[in-house]
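Please read the structure below before turning to the comments.
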Amino acid sequence: MAEERDVFPRARGRTLSAFREDDEGQWKAPFYFIQGADPQFGLMKAWAIGDCDNGGDEWEEEIKLTEQAVQAINQLNPKPKFFVLCGDLIHGMPGTQWRKDQEQDLKNVLKNIDQDIPLVFVSGNHDIGNVPTPETIDDYCKHWGDDYFSFWVGGVFFLVLNSQLYFDSSKCPELKQAQDEWLDAQLAVAEKQMCKHVIVFQHIPLFLQNPDEDHDYFNLEKSVRQELMEKFHKAGIKAVFSGHYHRNAGGSYKDLEMVVSSAIGCQLGEDTHGLRVVIVTAEKIVHRYCSLNDLSSQGIEKELMDLIKQN
């Protein structure tokens, strides 16, 4: 594990060592980061054969797509501040036979990311289980770092949440309570401190298109959703970035934007394999989903680059 931690500086102690608040607590200038979601090694084969529970014994396609994502990010200039992966890193659920191989193959791809671009890992349902336990969460943390944490970049406050605790915490209620208490403390910080923006990353979206939509597999239950939306709105959070849906979607609740990004890996709709470029200026957060092919061949379009160059 020590060697792996050298390759991936991961969240420990509920923060990221790559970003120190002393250095990053003040606004300096516009910047950008890259959001990806659901590389989910193994799903493409499982989906193709119609057996998402037991399929997934091959993941060569996902390896190639994630390699393409890493190469595209590495050639961007200027470099993004970080690359966040919003969950479902692999398809194999806890305890399944291909899980360890999928994890190792993903690590082998991600270790090629430019060492000056920190990785931010978000836990998904396939990473810790649809009904997580203390054991599955502990196993995730050993491999990928803390399941929830906060960090500062350029005067912007980022929160990473374990959304599975909001989906079904029946086997680990004490862990959900701990995250709730931690989140309340972090939101109090967000309200008090003069941060330019507050941004949340979680795997499961609050909602897909409408804050009042019915609950299903791809969003959070309505009462849980409402409580979080109100908490986030009150704390001044501007945007929540998620994955899970394997399609692009999103909407707004008051002045909170819900951004749902499609997958690096398996597509369940009409979108292409891609990444989201997110520009953070003093006034706003601007984002665009880019196909891996376009990002690889053309980089970030001029309109977005001009926003980064503003002082």
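The values are calculated or read from the model by the stated rules, or taken from the named source; none is laboratory data. Note that the structure is predicted; figures quoted are calculated from it, not measured. Here Cβ is always computed from backbone atoms with ideal geometry, including for glycine, and neighbour counts include all displayed protein chains. Please note that ligands, DNA and RNA were not included when accessible areas were found on the heavy atoms of the full protein model with its side chains. Shrake-Rupley method; radii C 1.70, N 1.55, O 1.52, S 1.80 Å.
Contact map, region 260-273: first residue closer than 23 Å to Ala239 by Cβ, second residue open to solvent by 10 Å² or more (accessible area, probe 1.4 Å) and of a type in the set (Asp, Glu), Cβ cut-off under 6 Å, separation 6 or more or different chains; pairs are Ser262/Asp271. Of all residues in region 183-205, those that are among the β-branched types (Val, Ile, Thr) have Cβ atoms under 8 Å from Cβ atoms of residues that are in a helix (DSSP H, G or I), 6 or more apart or on another chain, in Val198/Ala190; Val200/Phe232; Ile204/Asn125; Ile204/Gln164; Ile204/Tyr166; Ile204/Phe167.
Do we have any residue at all in region 41-53 that's in contact with a strand residue (DSSP E or B) (Cβ under 8 Å, 6 or more places away or on another chain) and over 29 Å from Gln186 (Cα atoms)? Lay out the reasoning, then the answer.
Narrowing region 41-53 to residues in contact with a strand residue (DSSP E or B) (Cβ under 8 Å, 6 or more places away or on another chain): 41-42.
Then keep just the ones that are over 29 Å from Gln186 (Cα atoms); that gives 41-42.
Yes, the conditions are met somewhere in region 41-53.
Within region 34-54, if we keep just the residues that are of a type in the set (Gly, Ala, Ser) and open to solvent by less than 10 Å² (accessible area, probe 1.4 Å), the residue that is nearest to His246 (Cα to Cα) turns out to be Ala37.
The set of residues in region 143-200 that are part of a loop (DSSP other than H, G, I, E, B) and within 20 Å of Glu257 (Cβ to Cβ) comprises Gly154, Gly155, Leu161, Ser163, Cys195, Lys196, His197.
Residue-wise test of (1) touching a Ser or Thr at 6+ places or on another chain (Cβ under 9 Å); (2) over 13 Å from Gly87 (Cβ atoms); (3) open to solvent by 40 Å² or more (accessible area, probe 1.4 Å).
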residue	(1), (2), (3)
Val122	yes, no, no
Tyr140	yes, no, no
Phe151	yes, yes, no
Phe157	yes, yes, no
Val160	yes, no, no
Ser170	no, yes, yes
Gln186	yes, yes, no
Cys195	no, yes, no
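For Leu307, the criteria (1) among the aliphatic types (A, V, I, L, M); (2) touching a residue at least 40 places away in the same chain (Cβ under 8 Å); (3) part of a strand (DSSP E or B) hold in every case but one, which is (3). Out of the residues in region 238-262 that are in a loop (DSSP other than H, G, I, E, B) and in contact with a strand residue (DSSP E or B) (Cβ under 9 Å, 6 or more places away or on another chain), state the one that is surrounded by the most Cβ atoms within 10 Å (Cβ to Cβ). That would be Gly243.
Just a yes or no: is a residue in region 217-225 closer than 27 Å to Met44 by Cβ, surrounded by fewer than 17 Cβ atoms within 10 Å (Cβ to Cβ) and of a type in the set (Phe, Trp, Tyr)? Walk me through it before giving the result.
First, the residues of region 217-225 that are closer than 27 Å to Met44 by Cβ: 217-220.
Narrowing the set further to residues that are surrounded by fewer than 17 Cβ atoms within 10 Å (Cβ to Cβ) leaves 217.
Add one more test, that the residue is of a type in the set (Phe, Trp, Tyr), and what stays is 217.
The answer is yes; a qualifying residue exists.
It is to be established whether one or more residues within region 68-78 are among the small types (Gly, Ala, Ser), part of a loop (DSSP other than H, G, I, E, B) and modelled with pLDDT of 95 or more. No: zero hits. When region 174-187 is filtered for residues that are under 16 Å from Glu227 (Cβ atoms) and out of contact with any strand residue (DSSP E or B) (no Cβ under 6 Å at 6 or more places or on another chain), the ones remaining, listed by number, are Lys176, Gln177, Gln179, Asp180, Glu181, Trp182, Leu183, Asp184, Leu187.
Quick check on my filter: what residues within region 263-298 are assigned to a helix (DSSP H, G or I) and either of a type in the set (S, T, N, Q) or open to solvent by 30 Å² or more (accessible area, probe 1.4 Å) (or both)? Walk me through it before giving the result.
The first filter runs over region 263-298 and keeps only residues assigned to a helix (DSSP H, G or I), leaving 292-298.
Passing the criteria: Asn293, Asp294, Ser296, Ser297, Gln298.
The residues of region 276-311 that are in contact with a strand residue (DSSP E or B) (Cβ under 8 Å, 6 or more places away or on another chain) and among the hydroxyl-bearing types (Ser, Thr, Tyr), listed by number, are Tyr289, Ser291. Scanning region 80-117 for residues that are surrounded by 23 or more Cβ atoms within 10 Å (Cβ to Cβ) and farther than 20 Å from Ser261 by Cα turns up Gly92, Gln102.
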